[in-house]
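Worksheet for the structure shown next.
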Ligand SMILES: Cc1cc2nc3c(=O)[nH]c(=O)nc-3n(C[C@H](O)[C@H](O)[C@H](O)COP(=O)(O)OP(=O)(O)OC[C@H]3O[C@@H](n4cnc5c(N)ncnc54)[C@H](O)[C@@H]3O)c2cc1C
Ligand code: SF4
Ligand code: FES
C-alpha cells in the first residue's frame, strides 16, 4: 500500500472529518513532524541528511532550503543541545591515578562541568581508538566536577585505561541510570553487603550515607573478597570503622588470614547479626551468584522484600535505553537500574536466578 502524509485523504476519518485538508497544512505538518516535534522530544531530527528528498522531489521542493528559511524566520533562540548530544563524549582530564589492588586502579577525573548523581549511577568512558565501556561512579554523590572511578584491567579497553597517566584525556558520557534512593533509607538501620567489585558502587553509597550520618540508624558493612589483598578502599573502610561511623565486617575465601577476618564467603558474616531485621534495609552489590546465596538468608532472617536493593550490572552499550543490549525481558537495566528494589526484579528469572 502506498500512502503519504501529503495526500489529501491522509487525515480523513470515518466520520468524514479531514484535519489537514489543504496542502499548506500538510506541508507544515511534514516539516514539524520530522524536524520540530522530534527535536523537542529527543533533540534530534528524523533526517540523516542524505539529500534524497531534495533530489527526487518532482516539485523541486528542497527541504534544506525550507528548513533554513524557517530557521531564519523563527524568533526562538537556538537550542543549547545539539542532536544526539547524549551519544557524543565530552573530554575529561585524568588528575590522579592510584593502584588499589593488583588489577584495580582508581582514576580521578576532572569533568567538563559539575555532575550530580545518585550512588550507583555510571559513566560511559572511552579511550580514544580503543572503545567505550560503563563504569560506576565511585566518589561521593555530591555535585562536583571531580569524579572517581575504579577500573579493573579486564580486556582491551580497561588495559588501555590502566596505561593512562595524569594529564591524559578520556571521553565521558553520562551519568546514566538510577542509583540508590537515599531519602528512602531515613531512620532505617542499613546493612550494606559487598562482594568483590560490588564495593565500587557501595563506596559511593557509603560516602553518601556518611555525609548525612544522623539520618540513619546503625550502618553495617559486610564485605567478602577472595583474599585480603583484593579488598578495595581498605584503609578508608578501616578508618571509618575505627571512628565508629560504620561497623565493617570482612570475610575472605582464600589465602592467608593474617587479618583475623572471617574465613568463608560473605554469607558467613550474616550469622548472628546484632541488628533488628524489621528495622533493616539491605543494600547488596556483587555478582549474581552472591544474590542467590545472600537474598534467601536475608529473607529468612526477617528482612522485608520491600527493604532489599540490588545492583544488577549487565553488559551495556549505549547506556541510554536505545540499543537493547542490557535488557532483561521488559526492563532496560541501563535506564531503570542498575540499582533495583528487589520487588521490581524478582519476577525476572534471568536477573538473579540462572
Ligand atoms: C553499569 C556497569 C558498571 C560497571 N562499573 C565498572 C567499574 O566501576 N569498574 C570496572 O572495572 N568495571 C565496571 N564495569 C564492567 C566494565 O564495563 C567492563 O569490564 C568493560 O566493559 C570491559 O571492557 P574491556 O574492553 O576492557 O574488556 P573486554 O575484552 O570487552 O571484556 C573483558 C571482560 O569484561 C566483560 N565486559 C565486556 N563488556 C562489558 C560491558 N559492556 N559491561 C559489562 N561487562 C563487560 C566481559 O564479559 C569480559 O568478562 C561495569 C559494567 C556495567 C554494565
Ligand atoms: S534528506 Fe534524506 S533522511 Fe532527510 S528527509 Fe530527505 S530523504 Fe529523509
Ligand atoms: S545499554 Fe543500550 S539499552 Fe541499555
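The values are calculated or read from the model by the stated rules, or taken from the named source; none is laboratory data. In this text the structure is predicted, and so the values were computed from the model without any measurement. Positions of Cβ are generated from backbone atoms using ideal geometry, with glycine treated the same way; all protein chains shown enter the neighbour counts.
Listed values, structure above:
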read-out	value
Spans of strands (runs of 3 or more DSSP E) in segment 253-354 with at least 1 residues within 13 Å of ligand 1 (Cβ to nearest atom), crowded, with 21+ Cβ neighbours inside 10 Å and at pLDDT below 90	none
From the options 33, 26, residue that is outside the structural domain of residue 236 (by TED's automatic domain parsing), more than 16 Å from ligand 1 (Cβ to nearest atom) and surrounded by fewer than 16 Cβ atoms within 10 Å (Cβ to Cβ)	33
Residue match in segment 207-225 (condition: free of Cβ contacts under 8 Å to residues at least 12 places away in the same chain, under 21 Å from residue 140 (Cβ atoms) and either in contact with a strand residue (DSSP E or B) (Cβ under 7 Å, 6 or more places away or on another chain) or part of a loop (DSSP other than H, G, I, E, B) (or both))	no
Condition met for residue 71 (under 30 Å from residue 33 (Cβ atoms) and at pLDDT below 95)	yes
Selection from segment 101-138 of residues that are surrounded by 21 or more Cβ atoms within 10 Å (Cβ to Cβ) and outside any strand (DSSP E or B)	117, 119, 120, 121, 138
Members of segment 25-46 found to be within 10 Å of ligand 2 (Cβ to nearest atom) and farther than 27 Å from residue 12 by Cβ, listed by number	45
Index of the failed condition, residue 39 passing every other in (1) more than 16 Å from ligand 3 (Cβ to nearest atom); (2) at pLDDT 85 or above; (3) surrounded by 14 or more Cβ atoms within 10 Å (Cβ to Cβ)	(2)
Residue check, residue 180 closer than 20 Å to residue 337 by Cβ, within 16 Å of ligand 3 (Cβ to nearest atom) and crowded, with 19+ Cβ neighbours inside 10 Å	no
Residue in segment 231-247 that is closer than 23 Å to residue 352 by Cα and surrounded by 21 or more Cβ atoms within 10 Å (Cβ to Cβ) present	no
Count of residues meeting criterion [modelled with pLDDT of 95 or more and in a strand (DSSP E or B)] in segment 76-100	9
Matching option when the condition is closer than 30 Å to residue 227 by Cα and not assigned by TED's automatic domain parsing to the domain that holds residue 28, among 90, 148	148
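Let's see how each residue does on (1) under 28 Å from residue 122 (Cβ atoms); (2) out of contact with any helix residue (DSSP H, G or I) (no Cβ under 9 Å at 6 or more places or on another chain); (3) assigned by TED's automatic domain parsing to the domain that holds residue 121:
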| site | (1), (2), (3) |
| --- | --- |
| 244 | no, yes, no |
| 262 | no, no, no |
| 295 | yes, no, no |
| 313 | yes, no, no |
| 347 | yes, yes, no |
